[in-house]
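Asks: This structure is in C-alpha cells; I'll ask about it shortly.
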Amino acid sequence: MGEKLSLRRRVYNGTMTVLVRLGAALTCGLLLFLIGYIFYRGIPGLSWEILTTQTSYIKNTVGILPNILNTLYIILVAMALVLPIGVGAAIYLTEYAGSARLVRVIEFATETLTGIPSIIFGLVGMLFFVQKMGLQAGVLAGSLTLVVMILPTVVRTTQESLKAVPQSYREGATGLGAGKWHMIRTVVLPNAVDGIVTGCILAVGRIVSESAALLYTAGFGMVLVNFIDSLHTSAATLTVALYVYATEGGETALAFSIATILMALTLIINLAAAWVGRRLKNGKE
Amino acid sequence: MDPILQAKDLNLWYGANQALHHITLDIPAHEITAFIGPSGCGKSTFLRTLNRMNDLITGVKIQGEVNFHGENIYEPSVDPTVLRRRIGMVFQKANPFPMSIYDNVAYGPRTHGIRGRKELDEIVERSLRSAAIWDEVKDRLKKSALGLSGGQQQRLCIARALAVEPEVLLMDEATSALDPISTSKIEDLAIELKSKYTVVMVTHNMQQAARISDNTAFFLLGELVEMGKTEKLFAYPQDKRTEDYITGRFG
Amino acid sequence: MDPILQAKDLNLWYGANQALHHITLDIPAHEITAFIGPSGCGKSTFLRTLNRMNDLITGVKIQGEVNFHGENIYEPSVDPTVLRRRIGMVFQKANPFPMSIYDNVAYGPRTHGIRGRKELDEIVERSLRSAAIWDEVKDRLKKSALGLSGGQQQRLCIARALAVEPEVLLMDEATSALDPISTSKIEDLAIELKSKYTVVMVTHNMQQAARISDNTAFFLLGELVEMGKTEKLFAYPQDKRTEDYITGRFG
Amino acid sequence: MTAESLTVGGTVRKRRGAREAHKAVEGGIQVAFLLCGTLTVGFVLLISIYLILSGLPAIRQIGLADFLFGRVWDPTNATTGAEFGILPFILTSIYGTAGAVVLGVPVGLLTAVYLAKIAPPKVAVAIRTAVQLLAGIPSVVYGLVGMIVLVPAIQRTFSLSSGACLLAAMIVLAIMILPSIINVAENALRAVPKEYEEASLALGATKLETYFKVTLPAAGSGVAAAIVLGMGRAIGEAMAIIMVSGNVSNMPSIFAPVRFLTTGIVSGMGYAQVGSLYHQALFSIGLVLFLFIMLINVLLNVLIKKKGDA
Amino acid sequence: SKDSDNKGGDTALTGKVSTNGSTSMDKVIGALKEQFMLDNTGVTVTYDPTGSGSGIEAASNGSADIGLSSRALKDEEKANGLEGTVVALDGIAIIVNANSTVTDLSVEQIAKIFTGEITDWSEVGGTAGTISCIGRESGSGTRDGFESITKTKDACKLDQELTSTGGVIEAVAGNPNAIGYASLSAVEGKTTVKAVTVGGVACTEATVLDGSYQIQRPFVLVTKSGATLSPAAQAFFDFATSTAAADLIKNAGAVPVAK
Ligand SMILES: Nc1ncnc2c1ncn2[C@@H]1O[C@H](COP(=O)(O)OP(=O)(O)OP(=O)(O)O)[C@@H](O)[C@H]1O
Ligand SMILES: Nc1ncnc2c1ncn2[C@@H]1O[C@H](COP(=O)(O)OP(=O)(O)OP(=O)(O)O)[C@@H](O)[C@H]1O
Ligand SMILES: [Mg+2]
Ligand SMILES: [Mg+2]
Ligand SMILES: O=P([O-])([O-])[O-]
C-alpha cells in the first residue's frame, strides 16, 4: 500500500495544481496591478484644485469639475427615467402579465438589449435622440440613450426581488380585500425595495463607467454649465473626459487622476451593491 | 335560517385537471362549519372558491355558482375586493406583513379608506381584543409583527381579518402549524367568534372538527361525500367512505 | 482465510456528532457481505470509511483502524487514490459520466495510465461482459451513457468500477432505485463477481441480503449490533434488536 | 342583499364614486405597467429598425460584396477614388475576439476551477469580489493603462516600430472578458452533480484529474456559454481597444496596427461628413456589428437552453 | 468697434454658442472661448473636438453655430453655401520623439518616410531603427494640410492613425522610433516630443507668418453664408476675428492674421 502514483500522474497533478493557482493568482494580480498602478499614477495629481475648477486655457490649468457634475446630471436624469420604467416593466412581468407569450417576448427583448454593445446604443442614440428628435448632444440625449442601455439591469434585479417576496403576503393583502395595485404598493414593493436599490446601484455603476454610448449623444463639452443648460449642451462625463484627456489632450497625469476617481467610485458602488445584496438576503430569511 | 353561503354544482379545474366535482353545499350563518378529508381532496381549493381567492391562480376555470346572501359571487359585476372584505380569510401558515403589529391590523381598514387616527386606534384595539391577543401585544404595538411567536402571529392574522368587519371568516388549517396551547386558544376564539361571524374552517384534525364545529363536510377526491351536523356525522356516518376516514382506516 | 478488510474500534464524527461507535468487524475475501439496518444507522458512512471516500467530506473525524490486507489504510503513507483503485465503489444512484459508454468504462484505465487503443478496447469489452451488459450496449459504445435505462446505467457503473480491476467492490444500495428485473440481474451479477472480487453491499432490502449474501452485519444507531453468516443471522439472531428488525417490528 | 351591494361596497353607498375611480386607477395602472414592459420590446425594435434603415443605403450604393469583402478602407481618397471595404474590420474583430478567447478563456477557466473547487471559502469570497471589481472598471481605464503600460512594453519586447497593434488589443480584451467567463463558468462548475465527482474519485482519480476530466466536461454547455458571452463582450468593446490598437485599417496580423468594427465606427464618426457616403457606411458597419452580436445571442440562447435540458 | 462693447460688458449678451470641429484648434478655441465667457458671463461657448470634417458638416446642418476647420474649405463646400473665415495660421510641426537624434528633414524626405520609401532612421541620419509613421484619421484638417503640402495624398503608409492631435503627440512621445505631424499650437511647450526643422527652417510663429515654413495651413471658422448668427454667436465670431484676440491666439501657439 505504500504504492505511489505514477510519475506521469504526479506530474499532471502537480502541473494542474500550479496552473489553477497561477490562473487565480494572475486574475488577482491583474486587479492588484491595475488598482495599484492607477492609484500610484493618479493620486499625486489629485488636488482640491482639480476637483473644483474647470480646465483653463488662459491660465493653463486643468480641472474636472464640469465632468464630475455632468456625470452626476446624467446619473440623475437617467435614473429618474429608468427607475419608473424598469420597475414598472418588472411589476408587469411578475404581477400582471397574463400571457406567457408576451412575457417571453419581453424577456427576450430584455436579454437582447443586455447583449448589445454600447457603441450601437451610441449610434442609435445619435440617430434617434440627437438627429431625429432634434435634441442637442447633451445630458438629456445621453441619459435617454443610457436609459435604453441600463433598462435590462433594472428590470432583471427588480424582477428577482419581486419574485422573492413571499406569496403569502400577497394572499394576506388580497384576503383583506386589497386591490391589486394597492397590494403591490403596500406589501410587495416595500419588501422588494432592497433588490430595487441593488439594481439601481448596478445601473449607476454602468452609467459611471460608460463611454462609447455617450461620445456622440452627450458630447465632449468640458465647460461648466448649470443643470438646465447641460441638458442640451455638449457635456463630457468623467469617462469621456478621461478618453479625451488621454488621447486628445495628452494630459496623461490628469487622465490617471480621473481613472483614480473612477476606480474609487467603482469600488464604492460594488461594495454598496454587495452590502445591500447581503441585507436583502438577511431580510428575506 | 337561510344559508349565508351556498355552492351550487361547483366544478373547478386547474388547467386540465378537475379538482372539484359538482359540489353543492350550504353554509349556515353564525355557525362553525368544518371541512375534513385526506390531503389533496380539494378542501383548500373549495374554501378559496368562497371568496374568490382562486382568482389569483392562473389557469383556474370555475363552473357553477357560489351564492353569498343569495347572490352569485362569480357574476362579472361583483368586485372581488368588496367580496373579500366581507368574507375574510386566515391561512395555514401565519402570514403577518413585515410591519408593526398596529400596521398589520390597520392595513385592512386603511385599504378601505379609513384614515382617522382615533378611529383606527379603536378598530385595532377592538380587533386585537376579539382575537384574544390584546393583552399580549398592547405594549408593543409599534414593534414588528415578525417578532411574535407562531401562535401569536396566527391570532394577529385573525385580528387583522376581523378588523375589516367581515361576515364570514374562512380558516384554512389555521392551527395546523401551532402547538397545542396556541391551538386551543384559537379554537376557543373560533367558538366565541361565531356569535358575530360565520366561520368556515378546513382542518386535518378530526378531533378539532368534532370539538368545535357545528357542521362537518367530508371531501374525497374533489367530491363532497357527505355533510351534516357534526355530532351526527361522526356518530352515524351515512357513507362507508366517511366511516373509513373518521375511524382512521385511510388518509 | 484472513479477512481482506478489517475494522478495529472505528469511531467517526461528522463535526460534533458521532455517527459510528466502536465498530470492529472482519470482511472475508471472495464472499458477499451485506450491511443492513434502519435508515440513518451509519451503513453508508461505514462503507465509505472502507475506501476513504469520507476524506472528501469536510469536518469528518475518524479514530481507529481499517486494515486492508493487514495494513491500516489511514496511515499517512497510504495514497487514497491508489487505495480506491483497489477498492472500487458503486453508488445508490447510477452515476455514469455524461460521455460515451466506451469512455465511461475506459475512464478508470486511462486515468491510471493505460493509453493503448487495443488494450483499452479489450478492457472495455471484458468489463462490460463481466457486468453482464455487453450484449445490450456493444452496438452503441460511442453513444452517450445517459441514454441507457436506469438498470443498464447501474450495470455500466459496475463495469466502470471493474475496469480498474479492484479487489473489493463496495455497493451502496446499488439496486434500490431499480425495477425488480434490473435488480435481479445485478444480484446475479454480484454472485458471479464474488469468485474474483470481494463484494460488500449496503441494502435496505432484507430479502436481498438473505438471498445473495454470505455474511450479514446489522447496524443500529451507529453501532454494529451483530454480524455473522447470513443464514445464521436471519434464522437465529443473537440480539433482540436484530430479531425485531428482521421480523419487521421496527425500522 | 342586492347585486349592487357587492359591486359597490355594500352599506357604504357614498363610496360608490370612489370605488369606480379606484377601478379606473387599477386599470390605468395595469396599462401603464404594460407600456413599461412593452417599451423594452419597442427599444429593441427601434434599434433594429434604425440600424437597418441607416445601414442599408450605403451597402446598396457600395455593393454588398464590395462592402463586406473589399480589402481596402479608404473613404476619402480623392486620388484613386474612395474605397469602402470592411473586410479588414470584420477579420480584425474576429481575430481580436479569437485572440481574447485564446488568452482569456484558459485563465478564466482555471480561476473558475480554483474558485468553485479548491479555494478556501474566505479566499474564494475575496477573489470573487476582486473579479466583480474587474468587471466594473470603465473600459477607458483599461485603455489608458494599456496605452501607457502595455503598448510600450509590446514595442520593447518585440522590437517593433510601434506597439499599438492587434496583440495589444487582444490582451486588453482578454482581461476585460475574464470576469464574465469566471462568473458563468464558476456557476456551471458548481451546478455539476456531486455524483460525477464521487464516481471519478472512487475509481482512484485524484481531485484535479476529476475536475479537469469529469467536472469541466460535464459543465460543458455552461462553459461554452461563458465563452460565447465573453466573445460577445469582446466583439462589442470599443473604447478600450481604440486606445491601444493603432487604428489603421490594415488586414489583421498580430503586430499590425488594426481597426475593429467598433473602433472603425468611433474613429470615423468624428471625421465623416454627415450625409456623405463615408458617414452612411459607418452605420452599415454598425449594422454588421449588430448582426454579429445577434448571431452570438442566438448561440448563447441555444447553449443556455441546452444547459436547461441537461 | 463691436468687440470693445462686448469687452465693456455693456450689452448683456446671453445664450449659448456651440462650436464643433477641428481638434488642432483645441488650444486656440479653448483660449478664445474662455476669454469670451469671462467678458460675457451670460454666454456659454461650447467646443466639441470632433475633427474638421464633422465641424464643417455641423456648420452646414446647423447643429453647431460655428464650425471649426483646420483646412481651407473646398470649392464644393463653398458652393454648398458655406463660408470660411480664417482666424489664424498654424504650422504643422513634424515631430519626433524627444530622444531622437534627427533634427532636420527635407519635405522630400518627409514624403518618402510617410510613403514608406524610407523605412529606417539611419537613412536620414538618425540612429538605426524602423521608422513608425503616425498620422491622422482621414477627414482631419491636419492630415489634409500635411498631405497636400508634402504631396503624399492618399499614399501614406501609417503605423497608427489617430483621431486627434493630442493622440499623435502622445504616440510619438511614447515611441522612440516614431514620427508624426501635429499642430504647432499643440506642440509648443511639450518636452516629450520635438519638432524637427524642415529644410532648415524651424516651425515657429514667425516662420509660419512669413511663409518660410512650408507645412502650414489656416484655422477656419465655418459659417453658413447668408444665414444670420445669433447675437451671442455673432459676438463671439467678431471677437475671434478681431485684433483683440491676437494675443490669445499667439499664446495658444498659432499665428493671428487679423490686421
Ligand atoms: N395551484 C394549483 N395548481 C394546480 N393544481 C393544484 C393547485 N393547487 C392545488 N392543486 C391540486 O388540486 C387538488 C386539491 O388540492 P387542495 O390543496 O385543495 O387539497 P387539500 O384538500 O387542501 O389538501 P391538504 O389537506 O394537503 O391541504 C390536489 O390534487 C392538488 O394537487
Ligand atoms: N455529510 C454528512 N454530514 C453530517 N452528518 C451526516 C453526513 N452524512 C450522514 N450523516 C449522518 O450520519 C448518520 C448516518 O448516516 P448514513 O448515511 O451513514 O446512514 P445510512 O445507514 O446509510 O442510512 P440510509 O439507509 O438512509 O442510507 C445519520 O445520522 C446522518 O444524518
Ligand atoms: Mg389545503
Ligand atoms: Mg445510506
Ligand atoms: O484639426 P483636425 O482635428 O481636423 O486635424
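The values are calculated or read from the model by the stated rules, or taken from the named source; none is laboratory data. From a predicted model like this one, the values you see are computed outputs, not experimental measurements. Don't worry about glycine lacking a Cβ; one is built from the backbone with ideal geometry, like all the others, and counts go over all protein chains shown. Calculation scope for accessible area: heavy atoms of the full protein, side chains included, ligands and nucleic acids excluded. Shrake-Rupley method; radii C 1.70, N 1.55, O 1.52, S 1.80 Å.
Asks: Would you be so kind as to list the residues of segment D:191-208 that have their accessible area lowered by at least 20 Å² in the full protein complex compared with their chain by itself (1.4 Å probe)?
Replies: D:E195, D:Y196, D:E198, D:A199, D:L201, D:A202, D:L203, D:G204, D:A205, D:T206, D:K207, D:L208
Asks: Decide, for chain D, between rounded, prolate and oblate: order the square roots of the alpha carbon gyration tensor eigenvalues as a ≥ b ≥ c, take rounded if a/c falls under 1.5, and otherwise choose prolate if a/b is larger than b/c, else oblate.
Replies: oblate
Asks: Given the Cα-Cα distance of C:E192 and C:T24 and 0.36 nm per residue of separation, how much length would full extension add, in nm?
Replies: Using 0.36 nm per residue and subtracting the Cα-Cα distance, I get 57.7 nm.
Asks: Counting only DSSP beta bridges with both residues in chain B, tell me the antiparallel percent, nearest 5. If you can, show how the numbers build up before the last one.
Replies: On the way: 25 of 42 bridges.
Given both bridge residues lie in chain B, the antiparallel proportion sits at roughly 60 percent.
Asks: Would you mind computing, in nm to one decimal, how far apart the modelled labels at E:L229 and C:R126 are, each placed 7 Å from Cα along Cα→Cβ?
Replies: In this crude spin-label approximation the distance works out to 9.5 nm.
Asks: While we're looking at this one, here's another question. Using only the heavy atoms of the protein chains and a 1.4 Å probe, how would C:D179, E:D90, C:D135 rank by accessible area, largest first?
Replies: Of C:D179, E:D90, C:D135, the descending order of accessible area is C:D135, C:D179, E:D90.
Asks: Let me ask something else. Helix C:117-130 sits at what angle to the longest principal axis of chain C, using alpha carbons and giving 0 to 90 degrees rounded to 10?
Replies: 50
Asks: Which angle between 0 and 90 degrees, to the nearest 10, do you get for helix C:150-162 versus the longest principal axis of chain C when only C-alpha atoms count?
Replies: Between the helix axis and the principal axis of chain C, the angle is about 90 degrees.
Asks: If I fit a long axis through the Cα atoms of helix E:141-150 and take the longest principal axis of the Cα atoms of chain E, what angle between them do I get, 0 to 90°, rounded to 10?
Replies: The helix E:141-150 is inclined about 50 degrees to chain E.
Asks: With a 10 Å radius around each residue's Cβ, average the other Cβ atoms per peptide and rank E:202-213, E:185-196, highest first.
Replies: Numbers: E:202-213: 17.2, E:185-196: 19.7.
Ranked by mean Cβ neighbours within 10 Å, highest first: E:185-196, E:202-213.
Asks: Something else about it: Taking each residue of A:120-131 in turn, how many C-beta atoms of other protein chains fall within 10 Å of its C-beta, and what is the average?
Replies: 6
Asks: Then there's this: Rounded to the nearest 100 Å², what is the sum over both chains of accessible area buried where E meets A, with a probe of 1.4 Å?
Replies: For E against A, buried area totals roughly 1700 Å².
Asks: Right, another one. May I ask you to list the residues of segment C:34-61 whose amide nitrogen lies under 16 Å from a point 7 Å from Cα along the Cα→beta-carbon direction of C:A16?
Replies: Under cut-off, by backbone N: C:59-61.
Asks: Under DSSP H, which helices of chain A have Cα atoms covering 27 Å or more of the helix axis and a Kyte-Doolittle average no less than 1.6?
Replies: On the way: long enough: A:7-42 (50 Å, 0.88); A:65-91 (38 Å, 2.00); A:139-164 (35 Å, 1.08); A:189-209 (30 Å, 1.34); A:252-284 (47 Å, 1.03).
Counting only whole DSSP H runs, the qualifying helices are A:65-91.
Asks: What average number of partner chain Cβ atoms lie no more than 10 Å from the Cβ of the residues making up D:157-167?
Replies: Partner-chain Cβ atoms within 10 Å, mean over residues of D:157-167: 5.
Asks: Right, another one. Specify the longest stretch of chain A that does not include any exposed loop site, a site being one of the trypsin sites (Lys or Arg not before Pro) with a non-H, G, I, E, B DSSP assignment and at most 14 other Cβ atoms within 10 Å.
Replies: The longest uninterrupted stretch comes out as A:60-285.
Asks: When the accessible area of segment A:162-255 is computed with all protein chains present and a 1.4 Å probe, what percentage of it is carbon and sulfur?
Replies: That fraction is 63 percent.
Asks: Suppose we keep just the DSSP beta bridges with both residues in segment E:102-218; what percent of those would be antiparallel, to 5?
Replies: Just about 20 percent of them are antiparallel.
Asks: Determine, from the Cβ-Cβ distance of B:N205 and B:K232 and an R0 of 30 Å, the FRET efficiency 1/(1 + (r/R0)^6), rounded to the nearest 0.05.
Replies: Calculated value: 0.95.
Asks: While we're on this one: Of the peptides E:34-40, D:222-228, C:67-73, how do they stack up when ordered by the mean number of other Cβ atoms within 10 Å, highest first?
Replies: The most tightly packed comes first, giving D:222-228, E:34-40, C:67-73.
Asks: Given axes a ≥ b ≥ c from the Cα gyration tensor, I'd like to know whether chain A is rounded (a/c under 1.5), prolate (a/b larger than b/c) or oblate.
Replies: Here chain A falls in the oblate category.
Asks: With a 1.4 Å probe and all protein chains left in place, how much of the accessible area of segment A:1-104 comes from carbon and sulfur atoms, in whole percent?
Replies: Looking at segment A:1-104 in its full context, I get 70 percent from C and S.
Asks: Given a cut-off of 18 Å, name the pairs among B:K8/B:K196; D:K117/D:K207; B:K93/B:K185; C:K8/C:K43; B:K93/B:K138; E:K74/E:K153 whose C-alpha atoms lie farther apart than that in the structure shown.
Replies: Result: B:K8/B:K196; B:K93/B:K138 exceed 18 Å.
Asks: Next question, about the same structure. Compute the Cα gyration tensor for the protein assembly as shown, then decide on rounded, prolate or oblate, letting a ≥ b ≥ c be the square roots of its eigenvalues: rounded whenever a/c is under 1.5, prolate when a/b is larger than b/c in the other cases, and oblate in all that remain. Working shown, then result.
Replies: Values: a/c = 2.89, a/b = 1.48, b/c = 1.95.
Oblate is the answer for the protein assembly as shown, as a/c is 1.5 or above yet b/c matches or exceeds a/b.
Asks: Going 7 Å from the Cα of A:I43 in the Cα-to-Cβ direction, what parts of segment D:139-154 have a backbone nitrogen less than 19 Å from that spot?
Replies: D:145
Asks: Continuing with the same structure: Return one whole number: the accessible area per residue of segment D:72-216 in Å², for a 1.4 Å probe.
Replies: With the other protein chains kept in place, segment D:72-216 gives 32 Å² per residue.
Asks: Could you state how much accessible area is buried at the D-E interface, both sides summed, with a 1.4 Å probe, in Å² to the nearest 100?
Replies: Details: alone 17350 and 10880 Å², together 26230 Å².
Using a 1.4 Å probe on protein heavy atoms, the buried area is about 2000 Å².
Asks: Here is a follow-up. Averaging sequence separations of C-alpha pairs under 8 Å and six or more residues apart, then dividing by the length of chain A, give the relative contact order as a whole percent.
Replies: Normalised by residue count, the contact order of chain A is 26 percent.
Asks: Over chain B, give the accessible area per residue in Å² for a 1.4 Å probe, as an integer.
Replies: 42
Asks: Could you compute the net charge surrounding C:E167? Neighbours are other residues with a C-beta less than 10 Å from the C-beta of C:E167; K and R count +1, D and E count -1.
Replies: +2
Asks: What residue among D:F212, D:F290, D:F43 shows peak mean-square fluctuation when chain D is described by a Gaussian network model with Cα springs under 10 Å?
Replies: The residue that fluctuates most here is D:F43.
Asks: Follow-up question, since we're still on this one. Using protein heavy atoms only (no ligands, DNA or RNA), what is the total accessible area buried between A and B, 1.4 Å probe, nearest 100 Å²?
Replies: 1500
Asks: Considering protein heavy atoms only and a 1.4 Å probe radius, which residues within segment E:122-163 exhibit an accessible-area decrease of no less than 50 Å² in the full assembly relative to the chain by itself?
Replies: Listed in order, they are E:E137, E:S138, E:D154, E:D159, E:Q160, E:E161, E:T163.
Asks: What number comes out for accessible area per residue over segment E:47-102 if the probe is 1.4 Å? Units Å², please.
Replies: Heavy-atom SASA per residue in segment E:47-102 reads 31 Å².
Asks: OK, next. Of all the C-alpha pairs in segment A:28-126, what % are more than 22 Å from each other?
Replies: Considering segment A:28-126, 62 percent of its Cα-Cα pairs are separated by more than 22 Å.
Asks: Oh, and also: What order, most packed first, do the peptides D:237-245, D:25-33 have when packing is the mean number of other Cβ atoms within 10 Å of each residue?
Replies: Packing proxy ranking, top to bottom: D:237-245, D:25-33.
Asks: Determine the relative contact order of chain B: mean sequence separation of Cα pairs under 8 Å and six or more apart, normalised by residue count, in whole percent.
Replies: RCO, chain B: 27 percent.
Asks: Other chains' Cβ within 10 Å of E:170-177 residues: what's the mean?
Replies: That works out to 6 on average.
Asks: Carbon and sulfur together cover what percent of the accessible area of chain B at a 1.4 Å probe radius?
Replies: Using a 1.4 Å probe with all protein chains present, chain B comes out at 50 percent carbon and sulfur.
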